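Notes to accompany the following structure.
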Amino acid sequence: MSLTILNAVIAVVAAIAFAAVNAAYLVWAERRGAGRIQRRPGPNVNGPLGLLQPPCDGIKLMAKQIMIPGGADKALFMVAPALAMAPAIMSFVTIPFSDTIVAHSMNVGVLMIFAFASLGAMSILLAGWGSRNKYAVMASVRAVSQNISYEIPMLITVITIVMMTGTMDLKELVAGQAGGMWNWNAVPSLASPLMPVSFLIFFICSLAETNRAPFDLGEAESELVAGFHTEYGSMGFGLFFMGEYANIVIGASLITILFLGGWGCPLGLFPGVWWFLLKIYILIFSFIWIRWTFPRTTIYGLLNLSWKILIPISLFNLLLTAGLLKVF
Amino acid sequence: MGAYFSEIFLGLKSLVIGLIITFKEFFKPVVTVPYPFKTIKMSERYRGHIELIEDEEGNPKCISCGACQRACPSGSISLASKSVEYEAMVKGEMKTKKKKVLTKYNLNFTTCSLCGQCVENCNFGAITFSKDYNLASSRKEDFHFDLLKRLQERNS
C-alpha cells in the first residue's frame, strides 16, 4: 500500500516537473524560433544562448503582486489559472513515454485525456467571466466557441482510430503500430485509406485546441488587449502561459501516440523513449514554425473551417472506415 | 462540389508555400545588430552635430569670422577669439602681422535643430557634421559641447 502511494507521489512530482520544465523552456524555444524565422537572434543575453531567460522570467513573475480588479468575482478569478494548469498535468499521468515509463496506465487513457483537455475551455471561460472585463468576456466567448467546434472533428477522428484498433489504452494503441513507419496509423491502410487526411485534421484541431496562432482568437492581442488573461498579472498569468505550453506538449504526445507510432522507431529499430521525445519535439517545432508563419484567422474563417470542412471530411472518413472494416 | 475541394487544395498549397518560405528564413543569418554591444558605422552623409576640422598642423581651420554664429537660426553657436601677432615675410621684408586665433567654440546642442546652415555658410571649410549618434543623457549640461576641446582630444 505504502509503495503505491510512493509511486503515485513520484509520478505526480515527475509529471509536474516535466510539465514545468517543458513549459519554461518551450517559451525559450518559441522566442528563439520566432527570432530565427524573423532573422533576429531572440533572447541571447541571459546565460549562454539566453538559456537563463526562463528562470529570470519565472522569478520576475513570482515576485509580482496578484492584482484582483474591483468588481471581479474573486473565487472564479483565482480558480481559473489553476484550472488551466491542473488538467494539463493530470493528462501527463496517463501518457506513456515508452513501454515502461508511464505513471499510470489506464484502459481508457484516450477518454481521460480528452475529458481533461475539455476542462481547458472551462478555465478560459471562468477567467473571462471572473475578471469583469469586456475584452476578457469577448475573448473567452470566442475561445470557447472555438474549442467546442474543434473538439468535434478531433473526437470523430479519435473514434475512427479507436474503431480501427479496438482499444482506448494508449499503450496498446502504440503496441498496435510497432514495427516500422508502414504500420503507423498516419499511413493509409486497406481499412482506412484516408488516414493521412485524418492525421492532418487531428493536427489542425490540436493546434486550435491549444489556442495558438493562427487560431489564437482567445488572446488576439491586436483586437482584445490580451484576451481572456487581460486582467491577470504575476503567476496567474504565468499559470495560463505554462498551461498553454503544457497543452502543446500533450497535443504533440497525443499526435505521436495516435498517429506516429509512439516510442517506435520509423524503421523498427531500438524502440524507446528517445524516439517518443524526438517525435514530440519535432511536432512542437512544427507548432512553433506554424505560429510564426501564418497570420491570425478571423473568427468566421475559423468556425467555417471547422464546421464546413473538418467535420464533414472527418465524418465521411468515419463512415468510410466503418464500412471498410465490415468488408475486410 | 469541385469548387469546394479546389478551394481546400489551393488553401493547403498556399499554406505549404508559406511554411517553406519561413523554413528557409530560419537558416539564414540574422540581420540585426545587438545594439548596446555593437554599433554600426554611420553612412557618409549622416548629419550629426557639427565638428571642427583641423589643418595640417592640428590647429582648427576656423579663422573666427563668426559666419556660422550669424547663420545659426537658433543661436546655438558661441565662439570667442583673441588676436595674435606673428612674423611673416611680405614682399621680401619681415613684418609683424595680426591674426585671430580661436579660443572658444561652444555648441548648445539642446537648441540645435541640425539644419546645417553653419556648415553651408562656412567659407573656409572649417566645420563639418560628425557621425556621433549615441547622444542620450539625463543632464542638460551634457549637450553643451566644447568643440575646441573635442578637437584637441581627437588629436591627442
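Worth pointing out:
Yes/no matrix, rows are residues, columns are (1) crowded, with 18+ Cβ neighbours inside 10 Å; (2) more than 14 Å from chain B (Cβ to nearest Cβ); (3) under 23 Å from B:Thr22 (Cα atoms); (4) at pLDDT below 85:
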{"residue": "A:Ile250", "(1), (2), (3), (4)": "yes, yes, no, no"}
{"residue": "A:Gly262", "(1), (2), (3), (4)": "yes, yes, no, yes"}
{"residue": "A:Phe270", "(1), (2), (3), (4)": "no, yes, no, yes"}
{"residue": "A:Ile280", "(1), (2), (3), (4)": "yes, yes, yes, no"}
{"residue": "A:Ile290", "(1), (2), (3), (4)": "yes, no, yes, no"}
{"residue": "A:Lys308", "(1), (2), (3), (4)": "no, no, no, no"}
{"residue": "A:Ser314", "(1), (2), (3), (4)": "yes, no, no, no"}
{"residue": "A:Leu318", "(1), (2), (3), (4)": "yes, yes, no, no"}
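- When region A:178-209 is filtered for residues that are of a type outside the set (Gly, Ala, Ser) and modelled with pLDDT under 80, the ones remaining, listed by number, are A:Met181, A:Trp182, A:Asn183, A:Trp184, A:Asn185, A:Val187, A:Pro188, A:Leu190, A:Pro193, A:Leu194.
- Number of positions in region B:124-153 that are touching a residue at least 40 places away in the same chain (Cβ under 8 Å) and within 17 Å of the chain's Cα centre (by Cα): 17
- Counting only helices (runs of 4 or more DSSP H) that sit completely within region A:1-118, those holding 2 or more residues that are charged (D, E, K, R) and more than 14 Å from chain B (Cβ to nearest Cβ) correspond to A:53-62.
- Index of the failed condition, A:Lys308 passing every other in (1) touching a residue at least 40 places away in the same chain (Cβ under 8 Å); (2) part of a helix (DSSP H, G or I): (1)
- For A:Gln177, the conditions (1) outside any helix (DSSP H, G or I); (2) in contact (Cβ under 8 Å) with a residue 40 or more places away in the chain; (3) surrounded by fewer than 21 Cβ atoms within 10 Å (Cβ to Cβ) are fulfilled apart from (3).
Per-residue answers, yes or no, for (1) under 22 Å from A:Thr256 (Cα atoms); (2) buried (at least 17 other Cβ atoms within 10 Å of the Cβ); (3) β-branched (Val, Ile, Thr):
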position: A:Val27; (1), (2), (3): yes, yes, yes
position: A:Pro54; (1), (2), (3): no, yes, no
position: A:Leu61; (1), (2), (3): no, yes, no
position: A:Pro96; (1), (2), (3): yes, yes, no
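- Within region A:139-154, tally of residues that are surrounded by fewer than 19 Cβ atoms within 10 Å (Cβ to Cβ) and either in contact with a His (Cβ under 6 Å, 6 or more places away or on another chain) or aliphatic (A, V, I, L, M) (or both): 4
- When we screen B:Ala88, B:Ala80 for residues that are at pLDDT 85 or above, aliphatic (A, V, I, L, M) and not in a loop (DSSP other than H, G, I, E, B), the only hit is B:Ala80.
- Checked against the criterion of being more than 16 Å from B:Arg47 (Cα to Cα) and in contact with a helix residue (DSSP H, G or I) (Cβ under 7 Å, 6 or more places away or on another chain), the candidates B:Lys91, B:Lys104, B:Lys95 yield just one match: B:Lys104.
- When the criteria are applied in full, B:Arg70 meets the requirement of being closer than 23 Å to B:Cys115 by Cβ, assigned to a helix (DSSP H, G or I) and among the charged types (D, E, K, R).
- Scanning region A:91-107 for residues that are under 21 Å from A:Leu119 (Cβ atoms) and acidic (Asp, Glu) yields nothing.
- Filtered by the rule that a residue be in a loop (DSSP other than H, G, I, E, B), more than 11 Å from every other protein chain (Cβ to nearest Cβ), within 36 Å of the chain's Cα centre (by Cα) and aliphatic (A, V, I, L, M), region B:1-57 gives B:Ile40, B:Met42, B:Ile53.
- Here region A:292-305 is the region considered, the condition is being within 13 Å of chain B (Cβ to nearest Cβ) and part of a helix (DSSP H, G or I), and the residue that is nearest to A:Leu207 (Cα to Cα) is A:Leu305.
- Applying a threshold of 8 Å to beta carbon distances and a minimum spacing of six or more residues, or different chains, the list of pairs starting in region B:35-52 at a residue that is of a type in the set (Asp, Glu) and ending at one that is surrounded by 12 or more Cβ atoms within 10 Å (Cβ to Cβ) reads B:Glu51/B:Ile127; B:Glu51/B:Thr128; B:Glu51/B:Phe129; B:Glu51/B:Ser130; B:Glu51/B:Leu147; B:Glu51/B:Arg150; B:Glu51/B:Leu151.
- From the list A:Pro266, A:Pro271, the one residue that fits, being touching a Phe, Trp or Tyr at 6+ places or on another chain (Cβ under 7 Å), in contact (Cβ under 8 Å) with a residue 40 or more places away in the chain and either at positive phi or assigned to a loop (DSSP other than H, G, I, E, B) (or both), is A:Pro271.
The values are calculated or read from the model by the stated rules, or taken from the named source; none is laboratory data. As the structure is a computational prediction, the values presented were derived from the model and not from experiment. For neighbour counting, all protein chains shown are included, and Cβ atoms are generated from backbone atoms with ideal geometry for every residue, glycine included.
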